[in-house]
Every structure is written in C-alpha cells, then in structure tokens.
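> Mind having a look at this structure? Questions to follow.
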Amino acid sequence: MSSSLDYDLLIAGGGLVGGSLALALAPRSLRIGIIEATPPTGTSEPPNADTDSRAIALAFSSRRILESIGCWSTIAPKAIPIHHIHISNRGHFGVTRLDTTQASLPALGYVVRMEVLTQAIYQQLKKFAQIEFIRPAKIINIINNAEKIQVQITSQTHIQTLSTQLLVVAEGGHSLTRQLLQIPVYQKDYGQTVITTNVATERSHQYTAFERFTDTGPLALLPLNEGYSNVVWTVKNAQAPYLTAVNDKIFLSLLQQRFGRRLGRLIRTSKRYAYPLQLLWAQQQITHRAVLIGNAAHNLHPVAGQGFNLGLRDVAALAEMIADAHKVGQDYGSLDALSTYTKWRYRDQCLVTKFTDSLIYLFSNDYPVLSQSRGLGLTALDLIPPLKQLLIRQATGLLGQQPRLTRGLAL
Ligand SMILES: Cc1cc2nc3c(=O)[nH]c(=O)nc-3n(C[C@H](O)[C@H](O)[C@H](O)COP(=O)(O)OP(=O)(O)OC[C@H]3O[C@@H](n4cnc5c(N)ncnc54)[C@H](O)[C@@H]3O)c2cc1C
C-alpha cells in the first residue's frame with residue numbers, strides 16, 4: 001500500500017532531542033510527524049528506559065528550556081540539585097570547586113535519571129493532537145524538491161511517502177537519514193568505554209558532583225537520592241568487559257581506589273552498563289530542507305555531561321527560528337533560514353566540543369609536563385575569579401546569546 005501525507009515539520013528520531021523540539025513548537029499549531037524507529041512500548045515509557053542506568057546532569061539553562069516546554073513540573077520532584085562541583089586530579093595537586101553561591105542561581109544544575117526525563121517528554125507529547133508518532137518506521141529514501149522534501153518511510157506493514165517543508169534529523173549518533181542525505185562525519189575513537197552504575201555511599205554527597213581525573217580516564221560521581229550517587233567511569237576499552245563482569249565487591253574496591261574516600265566507603269552497587277565512546281561531528285549540519293540536531297550533529301564524550309544540554313540548546317534556537325519564520329509566512333526550510341540557525345549555534349557547539357575533547361586529551365594520560373600543567377590549571381581556575389565565572393557560565397549553559405526558551409519567554 002502507498003499513500004502520501006503532508007506535514008509542516010517532520011522529525012526523524014523521537015528521542016530526548018526530537019521529542020523536545022516537537023514540544024517547543026507545539027504552541028505554534030504546526031502539524032508535526034515524528035518518525036521513530038522503535039515500536040511503541042504500550043506505556044508512556046521511552047524505548048530504552050529499562051536498559052539504561054544513565055543519569056543526566058542537566059545544566060541550569062536546560063531546566064529553563066524544560067520549564068518552557070512544559071516538562072519541568074513533572075521532572076522537578078525527582079531532580080537532584082547540584083549545589084557544588086568538585087574537580088580534582090588523582091595523585092596530583094590541584095582542585096577546583098564551583099558553588100551555587102558563586103553562580104547566583106538556585107542550583108548549578110540537576111541530576112535526573114534518563115527514564116524520568118524521557119517519561120516527562122513522552123507524557124507531555126501525548127497532550128498535543130497535532131503531534132503524531134509514526135512508529136516503528138525508518139526513512140529509506142529522500143527526494144528533495146524546491147518546495148518540499150519528500151521522504152519514503154518503511155514501517156511494519158507498508159511503504160509510505162511523506163512530505164514536509166523541513167526535515168529535522170534527531171536520530172542520534174548512528175543516524176541513517178544523515179547517511180541518506182550524504183552528510184560526511186568526522187569521527188574520533190577515544191578507545192574508551194564508559195561504565196555507569198549507581199552506588200550507595202557511607203557519607204552524604206551534600207549535593208556535590210565530583211569530577212575526578214585519573215591516569216586511565218575521568219571518573220564522575222553525580223548526586224542521586226540521599227546516600228546514592230551515579231557513577232560515570234571512563235576506562236580503556238580493554239578494561240570494560242572485566243569491570244562489567246567482575247563481582248560487586250571487587251568492582252567497589254577498584255572504584256574506591258580510583259575515587260578515594262571523599263564519600264567514605266562505597267557500600268553497594270547496582271547493575272553496570274557499558275557505552276563505547278567516540279566523538280562524532282557532522283561536517284555539515286544543513287542541506288536544502290533538512291537540518292541535523294542533537295547527537296546526529298555532534299556526539300560527544302560524556303565526560304563533561306554536555307551532550308543533551310547542547311542538544312536542548314539546538315532545540316531552543318531551531319524552534320525560535322522556525323516559529324519566527326512561520327509567524328510572518330517565511331520559508332523556514334530554505335537554506336537562508338537554516339543558515340541563520342547554524343550561524344547562531346556554531347560557537348556554542350564548537351566551544352563545548354573542543355572543551356570536552358581537550359579534557360580527554362589533558363586528563364587521560366600521564367605525561368609529566370601535562371600532569372603538572374593540569375594541576376596548575378585546576379589551581380588557577382580555583383583562584384582566579386573571572387576564569388571561574390567563565391567556567392560557571394559554561395557549566396550552567398548560560399554563555400553567549402540565549403534563545404527565548406532559555407529566558408523563559410514564549411516563542
Ligand atoms: C553514559 C552517558 C552519560 C551521559 N551523561 C550525560 C549528561 O550527564 N548530561 C548530558 O547533557 N548528556 C549526557 N549524555 C549524552 C546524552 O545522553 C545524549 O546527548 C542524548 O541522549 C542525545 O539525544 P538525541 O535525542 O540527540 O539522540 P538519542 O538519545 O540517541 O535518540 C535518538 C532517537 O532516534 C531514534 N532513531 C535512531 N535511528 C533512527 C532511524 N533511522 N529512524 C528513526 N528513528 C531513529 C532512536 O530510537 C532514538 O529514539 C550521556 C551519554 C552517555 C552515553
């Protein structure tokens with residue numbers, strides 16, 4: 001069977017970023033189709049809620065965007081505020097501490113479990129009749145005309161052709177539609193894997209996020225409910241199978257050696273998950289009537305907890321460009337309109353990507369000159385107020401020109 005349907009906007013990928021974009025544009029009454037590869041779960045749960053122990057550190061700017069798109073009130077009761085950030089260098093001098101009082105904000109950020117975040121977005125999406133999920137489905141062919149872009153999708157029962165003024169690709173790092181659009185990517189394999197788990201600790205975290213750089217890679221402990229922290233431990237690929245398979249007692253003692261005793265004894269650990277890491281950067285983010293956002297455009301190492309935060313800022317800027325053009329009847333799928341968006345986002349995306357990538361280089365090896373300079377760097381960051389303010393603005397996501405959604409204004 002074959003049929004053709006027209007949408008104001010098509011979003012390929014209904015993950016955190018694609019779902020947030022649909023919500024940001026919901027007040028504009030656009031007809032939005034979300035093409036998602038995974039089947040519906042039958043509940044409001046996201047595709048991978050039961051297999052993902054990820055806790056996401058949200059920057060303060062992300063809280064504001066989630067407020068603007070109507071999700072924060074569902075998330076807030078389960079969000080753990082970050083009042084302090086403690087950055088240290090295992091086995092060497094040098095510490096930087098960031099504090100809520102230095103930022104003049106109620107929190108530097110928040111830690112939210114992946115499933116809480118995705119459920120809040122999915123629940124909110126259900127409230128809008130003009131947002132339609134097309135799932136399970138994938139784009140298999142694209143025809144780009146001057147006025148419209150046409151996509152052929154394959155679903156369980158049939159092939160269908162959909163058309164739209166703009167196709168937004170939010171399919172994550174391994175996007176097939178990005179390939180169909182023939183957009184090349186720069187890829188860098190770090191040879192590292194992240195192990196995530198939750199641990200119970202003897203001492204309270206006091207709402208502190210710890211970032212500890214070790215000679216084998218960075219290790220973060222993010223505050224969860226009282227007495228628990230989420231572990232994001234970067235290790236060399238070869239170590240990952242052992243660390244995920246070893247018994248809890250040995251795992252905890254190895255983790256304790258790496259992390260030290262700032263939270264006292266590490267008492268218990270939950271199931272561990274492994275995520276291989278790579279940097280991926282689309283060499284072009286727009287073509288006529290198509291744009292890449294979120295991980296489909298830039299897939300970062302999670303060391304600085306910036307991937308989703310950066311993707312949400314893409315959402316806020318793109319939604320603003322589309323809403324403004326739509327209000328005055330302009331073509332938001334044209335290359336002109338899309339390049340306004342990419343020019344706006346370029347600086348933030350480059351800064352965060354380069355910052356994250358340099359952290360890996362600086363802190364994942366033990367050359368004597370490097371270890372001395374990173375100790376000096378951390379001390380300087382701690383002692384020089386303007387540098388610290390810059391780091392706080394970057395950590396809170398409030399650096400540079402802020403979109404209306406980040407300022408709590410309607411589109
Ligand atoms: C261990 C770990 C910890 C992290 N911690 C943080 C953190 O603390 N803070 C932070 O900001 N970020 C963090 N991140 C990054 C964050 O998880 C990602 O940046 C974010 O999930 C990206 O969202 P996305 O919607 O762009 O992509 P994804 O989450 O990958 O979603 C893509 C969606 O598209 C769908 N899809 C894929 N292919 C197709 C297709 N061909 N057709 C249709 N649909 C398709 C998928 O099913 C999925 O629903 C972390 C990442 C990892 C791995």
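> Quick one: if you stick a label point 7 Å off each Cα along the C-beta vector at residue 239 and residue 189, how many nm between them?
1.9 nm
> Calculate how steeply helix 248-259 sits against the longest principal axis of the alpha-carbon atoms of the chain, using the helix alpha-carbon long axis, and give the answer as 0 to 90 degrees to the nearest 10.
Helix 248-259 sits at roughly 80 degrees to that axis.
> Would you grab the residues whose amide H sits under 5 Å from the one on residue 89? Only those 5+ places off in sequence or on another chain, please, with H modelled 1.01 Å from N.
Result for residue 89 returns 213.
> Let me know the whole percent of all Cα-Cα pairs from segment 150-258 that are separated by more than 18 Å.
65 percent
> Then there is this: Could you check the spin-label model distance between residue 402 and residue 204? Points 7 Å from the Cα along Cα→Cβ, value in nm.
Rounded to a tenth, the inter-label distance reads 3.0 nm.
> Name the most mobile residue of 32, 195, 267, meaning the one with the largest mean-square fluctuation, in a Gaussian network model of the chain with Cα contacts below 10 Å.
267
> Next question. Quick check on my link table: of 126/343; 148/327; 138/354, which ones sit more than 23 Å apart, alpha carbon to alpha carbon?
126/343; 138/354
> Straight distance only, please: which lysines reach the Cα of residue 249 with their own Cα at less than 28 Å, same-chain residues fewer than 8 apart left out?
236, 271
> Is the shape of segment 246-324 rounded, prolate or oblate, going by the alpha carbon gyration tensor and its root eigenvalues a ≥ b ≥ c, with a/c under 1.5 for rounded and a/b larger than b/c for prolate?
In terms of gyration-tensor shape, prolate.
> Let me ask something else. Counting only protein heavy atoms and a 1.4 Å probe, tell me what percentage of the chain's accessible area is made up of carbon and sulfur.
C and S atoms contribute 55 percent here.
> So, one more: For a quick check of your reading of the filter: which GluC sites (Glu not before Pro) in segment 201-274 sit in a DSSP loop and have no more than 14 other Cβ atoms within 10 Å?
202, 226
> Measure nothing but the geometry: give the 0 to 90° angle between the long axis through the Cα atoms of 307-327 and the longest principal axis through the Cα atoms of the chain, rounded to 10°.
That helix lies at roughly 30 degrees to the long axis.
> Then there's this: How big is D for the chain, in µm² s⁻¹ as a whole number, if Stokes-Einstein is applied with the Kirkwood radius of its Cα pairs at 10 °C and 1.306 mPa s?
In µm²/s, the coefficient rounds to 72.
> May I ask you to compute the full-extension gain from residue 143 to residue 159, defined as 0.36 nm times their residue separation minus their alpha-carbon distance, rounded to one decimal in nm?
4.3 nm
> Let me ask something else about it. What list of ³J(HN,Hα) values in whole Hz, one per residue of segment 220-226 in order, does the Karplus curve 6.51 cos²θ - 1.76 cosθ + 1.60 (θ = phi - 60°) give from phi, with Gly and Pro shown as x?
Running phi through 6.51 cos²θ - 1.76 cosθ + 1.60 with θ = phi - 60° gives 10, 10, 9, x, 10, 4, 2 Hz.
> Where the centroid of each part is defined by its Cα atoms, how far is segment 229-300 from segment 146-186 in Å?
If we compute the Cα centre of each part, the gap is 29 Å.
> Within segment 161-187, list the residues whose amide N lies under 20 Å from a label point set 7 Å along Cα→Cβ of residue 132.
What the label zone holds, given the 20 Å backbone N cut-off, is 161-170.
> Could you give the distance between the Cα centres of segment 308-363 and segment 1-40, to the whole Å?
Spelled out, the Cα-based centre of one part sits 19 Å from the other.
> At 1.4 Å probe size, with every protein chain present, just tell me what the per residue accessible area of the chain comes to in Å².
Normalised by residue count, the accessible surface of the chain is 42 Å².
> Could you work out [θ]222 nm for the chain from helices alone, using -39500 (n - 2.57) per DSSP H run of at least four and dividing by all its residues? Round to the nearest 500 deg cm²/dmol.
-10500 deg cm²/dmol
> Among 175, 85, 235, which residue has its Cα furthest toward the positive end of the charge dipole of the chain, with +1 on Lys/Arg Cβ and -1 on Asp/Glu Cβ?
Farthest along the dipole direction, towards plus: 85.
> Right, here's the next one. Expressed as an acute angle from 0 to 90° and rounded to the nearest 10, what is the orientation of the C-alpha long axis of helix 16-25 relative to the principal long axis of the chain?
Helix 16-25 and the main axis of the chain meet at about 50 degrees.
The values are calculated or read from the model by the stated rules, or taken from the named source; none is laboratory data. Computed from a predicted model, the values in this text were never measured in an experiment. Neighbour counts are summed over all protein chains in view; Cβ atoms, including those assigned to glycine, are modelled from backbone coordinates with ideal geometry. Ligands, DNA and RNA are stripped out before the accessible areas are found, and what is left, the full protein with its side chains, is counted by its heavy atoms. Shrake-Rupley method; radii C 1.70, N 1.55, O 1.52, S 1.80 Å.
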